[in-house]
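Step one of this worksheet: look at the structure below.
The values are calculated or read from the model by the stated rules, or taken from the named source; none is laboratory data. Keep in mind that what you see is a predicted model, and the values were worked out from it rather than measured. Note that each Cβ is placed from the backbone with ideal geometry, even for glycine, and that neighbours are counted across all protein chains shown. Please note that ligands, DNA and RNA were not included when accessible areas were found on the heavy atoms of the full protein model with its side chains. Shrake-Rupley method; radii C 1.70, N 1.55, O 1.52, S 1.80 Å.
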2 protein chains.
Amino acid sequence: MASANALAHPNIAFVKYWGNRDNELRLPSNGSISMNLDGLYTRTIVSFQPSLPYDELIVNGHEIAGKNLDRVSQVLELVRRMAGSKMHAEVMSENNFPTGAGIASSAAAFAALALAATRATGLELSESELSRLARRGSGSAARSIPGGFVEWQMGTAEKDCFAFSIAPPDHWDMVDCIALVNPEHKKTGSSEGHAIAGTSPLQGARVADAPRRLAICREAILKKDFEAFARIIEHDSDMMHAVMMTSTPPLMYWQAITVEIFHAVRTWRAAGLAAAYTVDAGPNVHVVCERASAGEVERRLRELPGVGDVLSAGTGGPAQIV
Amino acid sequence: MASANALAHPNIAFVKYWGNRDNELRLPSNGSISMNLDGLYTRTIVSFQPSLPYDELIVNGHEIAGKNLDRVSQVLELVRRMAGSKMHAEVMSENNFPTGAGIASSAAAFAALALAATRATGLELSESELSRLARRGSGSAARSIPGGFVEWQMGTAEKDCFAFSIAPPDHWDMVDCIALVNPEHKKTGSSEGHAIAGTSPLQGARVADAPRRLAICREAILKKDFEAFARIIEHDSDMMHAVMMTSTPPLMYWQAITVEIFHAVRTWRAAGLAAAYTVDAGPNVHVVCERASAGEVERRLRELPGVGDVLSAGTGGPAQIV
């Protein structure tokens, strides 16, 4: 028996990933930029055992079968091939945040899986190799391998399609205040969503414009220019949701409270409280701000009727063995 | 003194007009399709008087100066040129619906103005000439000249950029139930909005895709295929708002209740109540349905907290002299 225990953070994208140019290899249609979320994590123990007749997946104490197990097995299969092993594995994973509520649980899950599974078989992959491997399970998991502020380059092929840090966690003391507005499991998962991104007449334009948004976002982060950062992350989030809601079938992840928070955040910012919104494939709203404003932002979010709870997370480090 | 009194209905667009290829002439970036709204109207009396030193505009009993008067004067100037007249005019206009609340008051206003002003000077313009003239005051006014279900073709130049009926009012007994969610005057008027449409990275794709949406909508109306009609008008509305919210500055016309109504309407439709939403440059939601469903749709809209009032309008006729 060979086992390893790894931890990875979810991440919040500032320039979003939506749509693949290759669904099988999860090669994205455009590059993306994100920040890892400190304090939130998935911990995963992978144990390869000669006695196991198939892979087993236990998430938060519940045995999982079906599509989710298949996705995990696909990544394990890649690891087995690299390691020249035929053993099946038991994967035990725990999240300290609600699963499937738009906090990209699959990103943290597949980053932790990639790291734990390779180490369990004795493989020592480089950061970019791990990022590529995590990507095969969930595209955004590529971004949960490196630490801090991360860019996932779309690359030209499978080999150069990975993520890297553009700034370490302590570069900019940013906090993501996540307004949880609907803790139920979302109706359409990201994988299905990515597959229909191309049905929106707007996706081509969103993708073609991505280098502009990436450049603005990268520069705003490197210069710590919050106003530029706020404008571009809201713009990019709205562009992704524009594609989602105009795809076939339409994906409207926003709820009434989602839009209410948009207006509130812009009103706050106009009045001097520097905060910006971004939304993933779910109704929750991530309100991002500098540490000094986080208490006030969190307090105001909690005051809004319809906001259930607020999770706050600073800038997190890379996936790591624990 | 030469005067005439005309009435025109506002219209609700099913394939939207957003952005001009020529702002001065109001030549739109894409064609559009709409329905006139019976029961709602603007009545306008235009009196050319030799004694007037300048044009006067009175709307709902209030004298109006500034930008709105300038727009009216521009249309009157075109009429004076056609008629070979130098007289200024008094324009008295009354709406029976709230102004500037996203019910396209300018469409009815400029359609009625074009008709009244030309008749007052003794001109008898054809429908397409009237449509072109109304267009100069407000693009969507071109669609309030013909009756029933109307298409405004983008044309190749000024001369063929006008609207015409694609089906008379009695072709399909449709009702627009307008949920008024915010009767205050909107922050950004349509004219300013059209001018920045091109700043959205998505506008080019929306425009390029317009012939497809026009064809689907036209066919759905002609065949009275409500399900196809519902899908295309919601899709088109979402595409316009996608452009609005991703322009610079971003225009987010939706409120919390707007999105709540979207979800409600789709839930109702999935459960068999045939209704579809569309939203203009304001927070109000137009919920369109066949006559038989209108009572139920109106009742359900009124039950939603946040809906102030519901105006209902059937399919209206052309602009006319009264």
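May I ask you to verify whether B:Phe97 is at pLDDT 95 or above and outside the structural domain of B:Arg218 (by TED's automatic domain parsing)?
no
Please tell me if B:Pro249 is surrounded by 14 or more Cβ atoms within 10 Å (Cβ to Cβ), within 14 Å of chain A (Cβ to nearest Cβ) and more than 21 Å from B:Glu227 (Cα to Cα).
no
With the requirement that a residue be assigned to a loop (DSSP other than H, G, I, E, B) and open to solvent by 10 Å² or more (accessible area, probe 1.4 Å), what does the range B:266-280 give you?
Passing the criteria: B:Ala271, B:Gly272, B:Leu273, B:Ala274, B:Asp280.
Go through (1) more than 10 Å from every other protein chain (Cβ to nearest Cβ); (2) assigned to a helix (DSSP H, G or I); (3) free of Cβ contacts under 8 Å to residues at least 12 places away in the same chain one by one and return the number of the condition A:Arg300 breaks.
Every listed condition holds for A:Arg300 apart from (3).
Looking at A:Ser93 and the list (1) open to solvent by 50 Å² or more (accessible area, probe 1.4 Å); (2) assigned to a strand (DSSP E or B), which single condition is not satisfied?
(1)
Just need a number here: residues in the range B:303-322 that are more than 16 Å from the chain's Cα centre (by Cα), assigned to a strand (DSSP E or B) and within 21 Å of B:Ala112 (Cβ to Cβ).
2
Working carefully through the options B:Met240, B:Met244, find the one that is touching a Leu at 6+ places or on another chain (Cβ under 7 Å), open to solvent by less than 10 Å² (accessible area, probe 1.4 Å) and either part of a helix (DSSP H, G or I) or not acidic (Asp, Glu) (or both).
B:Met244 is the lone residue from the list that is touching a Leu at 6+ places or on another chain (Cβ under 7 Å), open to solvent by less than 10 Å² (accessible area, probe 1.4 Å) and either part of a helix (DSSP H, G or I) or not acidic (Asp, Glu) (or both).
So A:Ile45 clears everything in (1) within 25 Å of A:Gln153 (Cβ to Cβ); (2) at pLDDT 95 or above; (3) open to solvent by 30 Å² or more (accessible area, probe 1.4 Å) except one condition, right? Which one?
Looking at each condition in turn, A:Ile45 falls short on (1).
Kindly check whether there is at least one residue in the range A:195-205 that is assigned by TED's automatic domain parsing to the domain that holds A:Arg291 and touching a Pro at 6+ places or on another chain (Cβ under 7 Å).
yes
What are the residues in the range A:252-265 that are in contact (Cβ under 8 Å) with a residue 24 or more places away in the chain, open to solvent by 10 Å² or more (accessible area, probe 1.4 Å) and either more than 7 Å from chain B (Cβ to nearest Cβ) or in a helix (DSSP H, G or I) (or both), if any?
Of everything in the range A:252-265, those that are in contact (Cβ under 8 Å) with a residue 24 or more places away in the chain, open to solvent by 10 Å² or more (accessible area, probe 1.4 Å) and either more than 7 Å from chain B (Cβ to nearest Cβ) or in a helix (DSSP H, G or I) (or both) turn out to be A:Tyr253, A:Ala256, A:Ile257, A:Glu260, A:Ala264.
If a residue has to be open to solvent by 10 Å² or more (accessible area, probe 1.4 Å), among the charged types (D, E, K, R) and under 17 Å from the mean Cα position of the chain (by Cα) to count, how many in the range A:1-42 make the cut?
2
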